[in-house]
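**Q** A single structure is presented below for examination.
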Amino acid sequence: MAVNDKQKRYLKGLAHTIKPVVLIGNKGLTDTVLTEIDNALEQHELIKVRVSGQERSDRIIMLNDIAAKTNSDLVMIIGHIGGYYRKAKEPKISLPR
């Protein structure tokens, strides 16, 4: 599901107050990390992921990879942190149209 710009702004505002639930270290994006991100998205719908120890270009590629592999929308990138949204089976967040 692709979110539009208005919905991204809304989700970015909601994500501003939450803390990263998954931290990616020097080993990078492993299958275990992807599983944790997937589980967090199922539970919370909107999460933040912190990527440490990467160059800026590698970090952006990794953040985009996460969105593609978890079938989620990347709603924000601020420094080392990416925000992701994926609608749950029983949605908790009501998006504006």
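The values are calculated or read from the model by the stated rules, or taken from the named source; none is laboratory data. Small disclaimer: the values here were computed from a predicted structure and weren't measured. Reconstructed Cβ throughout: ideal geometry from the backbone, glycine too, with neighbour counts over all protein chains shown.
**Q** Restricting segment 1-13 to residues that are in contact (Cβ under 8 Å) with a residue 60 or more places away in the chain and not in a helix (DSSP H, G or I), which is surrounded by the most Cβ atoms within 10 Å (Cβ to Cβ)?
**A** My answer is Val3.
**Q** Ok, one more. Go through segment 67-97 and give me each residue that's in contact with a Leu (Cβ under 7 Å, 6 or more places away or on another chain) and aliphatic (A, V, I, L, M).
**A** Matches in segment 67-97: Ala67, Leu74, Val75, Ile77, Ile93.
**Q** Give segment 55-88 a look and list any residue that's more than 10 Å from the chain's Cα centre (by Cα) and assigned to a strand (DSSP E or B), or say none.
**A** Ile78
**Q** Kindly list the number of the only condition in (1) modelled with pLDDT of 90 or more; (2) loosely packed, with under 12 Cβ neighbours inside 10 Å; (3) of a type outside the set (Val, Ile, Thr); (4) in a loop (DSSP other than H, G, I, E, B) that fails for Pro91.
**A** (1)
**Q** Report, by residue number, each residue of segment 14-40 that is free of Cβ contacts under 8 Å to residues at least 24 places away in the same chain and surrounded by 11 or more Cβ atoms within 10 Å (Cβ to Cβ).
**A** His16, Thr30, Val33, Thr35, Glu36, Asn39, Ala40
**Q** So which of Ile78, Ile66, Ile61, Ile47 is touching a strand residue (DSSP E or B) at 6+ places or on another chain (Cβ under 8 Å) and more than 25 Å from Arg97 (Cβ to Cβ)?
**A** Criteria check complete, one pass: Ile66.
**Q** Just to be sure I understand, how many residues within segment 18-54 are in a loop (DSSP other than H, G, I, E, B) and either of a type in the set (Ser, Thr, Tyr) or closer than 24 Å to Val3 by Cβ (or both)?
**A** 8
**Q** A further question on this structure: Among the residues of segment 64-76, write down those that are touching a helix residue (DSSP H, G or I) at 6+ places or on another chain (Cβ under 6 Å) and farther than 18 Å from Thr30 by Cα.
**A** Leu74, Val75, Met76, listed by residue number.
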